[in-house]
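Report on the structure given below.
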Amino acid sequence: MRGMGNMQGMMKKMQKMQKEMMQAQEELNAREFEGAAGGGMVKITMNGQREVLGVKLDPSVVDPEDVEMLEDLLVIATNDALKKVEETTTSTMGKFTQGLNLPF
């Protein structure tokens, strides 16, 4: 019967870890991340769910003669914000999945 006590203890630990993971994921989803390009002239704000919340443009980058540059800066800023979301998610959620090789 000693094995049953160990099993119950392990189940309680797993439930606690699951609750902590859900809380960490909710906090990540609510957090805002900012990506920038062109020395901060283009900024993208994104949440942890990878939804774009806002775009800020310095008026000097809005040149009707060079729309391609603005498009490139938007792509760079968006990718910068996505990278920050991914890095933070990996470091935050990684402590729960350490050694398990599970996606989150």
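A few notes on this one:
- Rounded to 10°, Cα long-axis angle of helix 2-30 versus longest principal axis of the chain: 10 degrees
- Portion, in percent, of the accessible area of the stretch 2-97 that falls on carbon or sulfur, probe 1.4 Å: 54 percent
- Fluctuation leader among VAL75, VAL67, VAL52 - the chain, Gaussian network, Cα springs under 10 angstrom: VAL67
- Ligands, DNA and RNA are left out, and with a 1.4 angstrom probe the accessible area of the chain is 75 Å² per residue.
- Lys pairs under 19 Å by Cα in the chain, provided they are eight or more residues apart or on distinct chains: 11
- Counting only heavy atoms of the protein chains and using a 1.4 Å probe, SER91 has close to 80 Å² of accessible surface.
- For LYS84, the solvent-accessible surface with a 1.4 Å probe is about 80 Å², rounded to the nearest 10.
- Calculated over the stretch 50-89, the projected area of the Cα convex hull averaged across directions stands at 3.1 nm².
- The chain: angle of helix 67-97 to the longest principal axis, Cα-based, in degrees nearest 10: 10 degrees
- Accessible area (Å², 1.4 Å probe, nearest 10) - ASP72: 90 Å²
- Averaging the sequence gap over all C-alpha pairs within less than 8 Å and six or more residues apart, then dividing by the number of residues, gives the chain a relative contact order of 26 percent.
- Calculated mean residue ellipticity at 222 nm for the chain: -21000 deg cm²/dmol, from DSSP H runs with n ≥ 4 weighted as -39500 (n - 2.57), summed, divided by the residue count and rounded to 500.
The values are calculated or read from the model by the stated rules, or taken from the named source; none is laboratory data. As the structure is a prediction and not an experimental result, all values here were calculated from the model. Surface areas here come from the heavy atoms of the whole protein model, side chains and all, with no ligands, DNA or RNA. Shrake-Rupley method; radii C 1.70, N 1.55, O 1.52, S 1.80 Å.
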